[in-house]
Amino acid sequence: MGIRGVTTTLGRWALAGIFIKGGFDAFKDPGARPATAQKAGLPEPELLVRANGAAMVAGGIGLLTGILPRTAAAGLIVSLGATTVVGHRFWDAHEEPARTQQTTQFLKNLAIIGGLVIYLGERHGLS
């Protein structure tokens, strides 16, 4: 394995953890997430939160193990994109520090999505 293979593997591993841990937590105990999903007008909010958590775990495991990693990355982009738009609506938070916290979480998720997009581009020779 060359340096590119090593860096790609390390990058996948670095990305995987947040999805495995966060997805498992959302699946096991959705907490306040369903209320947020319901507020956004989504049907069956608890089921959606748990399904999204399970999808994140599956995608994270795919990245970690290298099993269908491009499919995993694409699925995680969709899953995290939906989570970000529904769960971190900083534009609706009118008071501090909630607005700052939601903005930070939105931008963090956007950065993670960016890493996944770069990975897909690298894997398809688009860089």
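The values are calculated or read from the model by the stated rules, or taken from the named source; none is laboratory data. Just so you know, these numbers come straight off a predicted model, no measurement behind them. FYI the Cβ positions are ideal-geometry reconstructions off the backbone, even for glycines, and counts take in every protein chain you see. When the accessible area is computed, the model is the full protein with side chains, heavy atoms only, and any ligands, DNA or RNA have been set aside. Shrake-Rupley method; radii C 1.70, N 1.55, O 1.52, S 1.80 Å.
Odds and ends about this structure:
Residue-wise test of (1) free of Cβ contacts under 8 Å to residues at least 12 places away in the same chain; (2) aliphatic (A, V, I, L, M).
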residue	(1), (2)
T65	yes, no
L68	yes, yes
S79	no, no
T84	no, no
T100	yes, no
F106	no, no
E122	no, no
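- Failed condition for K39, given (1) open to solvent by less than 50 Å² (accessible area, probe 1.4 Å); (2) farther than 18 Å from I112 by Cα; (3) of a type in the set (K, R): (1)
- Total residues in segment 42-53, condition part of a loop (DSSP other than H, G, I, E, B) and surrounded by 15 or more Cβ atoms within 10 Å (Cβ to Cβ): 1
- Against the numbered list (1) among the hydrophobic types (A, V, I, L, M, F, W, C); (2) at pLDDT 95 or above; (3) out of contact with any helix residue (DSSP H, G or I) (no Cβ under 6 Å at 6 or more places or on another chain); (4) closer than 24 Å to R12 by Cα, I118 comes up short only at (2).
- Residue selected from segment 54-93 under the condition assigned to a helix (DSSP H, G or I) and of a type in the set (D, E, K, R), by the criterion surrounded by the fewest Cβ atoms within 10 Å (Cβ to Cβ): D92
Each row is one residue, and each column tells you yes or no for (1) under 16 Å from G11 (Cβ atoms); (2) among the acidic types (D, E); (3) touching a strand residue (DSSP E or B) at 6+ places or on another chain (Cβ under 8 Å).
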position	(1), (2), (3)
R50	no, no, no
G75	no, no, no
D92	no, yes, no
Q102	no, no, no
I113	yes, no, no
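- Conditions (1) at pLDDT 95 or above; (2) within 14 Å of the chain's Cα centre (by Cα): number failed by R12: (1)
- Residue count for segment 15-33, restricted to those that are part of a helix (DSSP H, G or I) and either more than 14 Å from T83 (Cα to Cα) or not aliphatic (A, V, I, L, M) (or both): 13.
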